[in-house]
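Asker: I have a structure I would like to understand better, so I am pasting it below and will then ask my questions one at a time.
The values are calculated or read from the model by the stated rules, or taken from the named source; none is laboratory data. Everything quoted here is computed from the prediction, not taken from an experiment. Cβ atoms come from the backbone with ideal geometry, glycine included; neighbour counts cover every protein chain shown. Just the protein is used for accessible areas: all its heavy atoms, side chains included, with ligands, DNA and RNA removed. Shrake-Rupley method; radii C 1.70, N 1.55, O 1.52, S 1.80 Å.
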Amino acid sequence: MASLQDINKRFNAVMPFVTPIGVVLGLLLGHRLDSFRFLGTYFFAFITFVGALGVSYRQFAQIARRMTSVLLVLFSAHIVLPVFVALIGRVIFPTQPDIVTGFVLLSSIPIAVTAFIWSTIYEGDAALALSLIILDTLLSPILTPLTIRLLSNTTVAIDQGGIMTSLLVMIVLPSLVGMLVTQTMPKVAKEAVLYLSPVTKLLLIVVVVIHVGALSGSLSFSWIYVPLILMNLLVIALGFLLVYVLARYVLKVDRPSLVSMTFTGGMRNISAALVLATTYFPPLAALPVILGILFQQTFVGLLGGVLFGNRNSKYSS
């Protein structure tokens, strides 16, 4: 009988296919699950809580010793990348402001919890990855709405308060509770992760299915998907390479730090962006998010292999 560790490893191995499967199922099921849409926020809160069951408040406080690395990732992920995305989006989609807003949302959402998984796969600095994820998560109710407000040019009124509240419920509060459990009951937290991690992968599919299904009647396939796909791949690649180049050639960090900084700087919490897109934005704004779900994990696997596949070299690229 397979152990819990083996089950978790198998789930991690198929992560590139988890969310794309959710997109396909959502399109097939359509609006049949609309009555369960309200559960998406709570499912995601649970996913975030489990993701935080690996870092205590004490461990998180140690991030202060590495502020240069932290600030580089945050600067790249929340200033340079969103500004670039907004500018190039307006050039490629001059008459589609809602699509540009979707890309701004996609680039300004906090770091994905799965960045930690990819960091461990390529032997990165686990403590740095977790601390970056938690810090970015705590800042998200301020950074994400502010970035969208400054860089989007949609004519639709943006519910700043609603977005902040959703981020607090889905991401910030569960993270704080997860760290509290880890701080006060470390053995319980460690054991709980083994049992709950497979559940979070299944819930992630459910969240994607419900929210993609809610959009299925509003989306129609056309030529516009070609530049959308190319823009998506550009955004994903740029997010990774920007942090990689700065961390390797400017800060000259060690390999474990480089791995963690690259994955946390490049991976966005797209499932959270999907929940926000379907709740607060027009259907067109969700298109970049849905395509991001399809491509991020797979593209990340390819980039990770290229940049860090050779573990015997200092940086593997």
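Asker: Along the charge dipole of the chain, pointing to its positive end and built from +1/-1 on Cβ of Lys, Arg, Asp and Glu, which listed residue (P97, L233, V259) has its Cα farthest out?
Answerer: Positive-end residue among those listed: V259.
Asker: In Å², and per residue, what accessible area does the chain have when probed at 1.4 Å with the other protein chains present?
Answerer: For the chain, the per-residue accessible area is 43 Å².
Asker: Another question about this same structure. Given +1 on the Cβ of Lys and Arg, -1 on the Cβ of Asp and Glu, and no further charges, what dipole in debye does the chain carry about its Cα centre, rounded to the nearest 20?
Answerer: The dipole of the chain has a size of about 580 debye.
Asker: Within the chain, which whole H helices from DSSP have a Cα span along their axis of at least 24 Å and a mean Kyte-Doolittle hydropathy of -1.0 or more, if any?
Answerer: 126-151, 186-215, 225-245, 283-308
Asker: Oh, and also: At q = 0.09, 0.11, 0.13, 0.14 Å⁻¹, what base-10 log of I(q)/I(0) does the Debye formula yield for the chain when every alpha carbon is treated as an equal point scatterer in vacuo?
Answerer: Log-scaled intensity ratios, in q order: -0.42, -0.63, -0.91, -1.07.
Asker: Report in % the part of the accessible area of segment 90-221 that belongs to carbon and sulfur, leaving out ligands and nucleic acids; probe 1.4 Å.
Answerer: Carbon and sulfur: 69 percent of the exposed surface of segment 90-221.
Asker: Next up: How high is the relative contact order of the chain, in percent, counting Cα pairs under 8 Å that sit 6 or more residues apart?
Answerer: Normalised by residue count, the contact order of the chain is 35 percent.
Asker: Something else: Taking only the alpha-carbon positions of segment 18-100 and ignoring solvent, what does the Debye formula give for the base-10 log of I(q)/I(0) at q = 0.14 Å⁻¹?
Answerer: At q = 0.14 Å⁻¹ the computed log10 ratios are -0.96.
Asker: A further question follows. Roughly speaking, what is the centre-to-centre gap between segment 88-118 and segment 51-71 when only Cα atoms are used, to the nearest Å?
Answerer: With segment 88-118 and segment 51-71 each reduced to a Cα centre, they are spaced 26 Å.
Asker: Using a 1.4 angstrom probe and counting only protein chains, how large is the accessible area of V100 in Å², to 10?
Answerer: Its heavy atoms expose roughly 0 Å² to the probe.
Asker: In addition: Compute the length gained on full extension between V91 and V24: take 0.36 nm times their separation in residues and subtract their Cα-Cα distance, giving the result in nm to one decimal.
Answerer: Length gained, V91 through V24: 21.1 nm.
Asker: When the Debye formula is applied to the Cα atoms of segment 224-305, each taken as the same point scatterer, what base-10 log of I(q)/I(0) results at q = 0.16 Å⁻¹?
Answerer: Per q value, in the given order, log10 I(q)/I(0) is -0.65.
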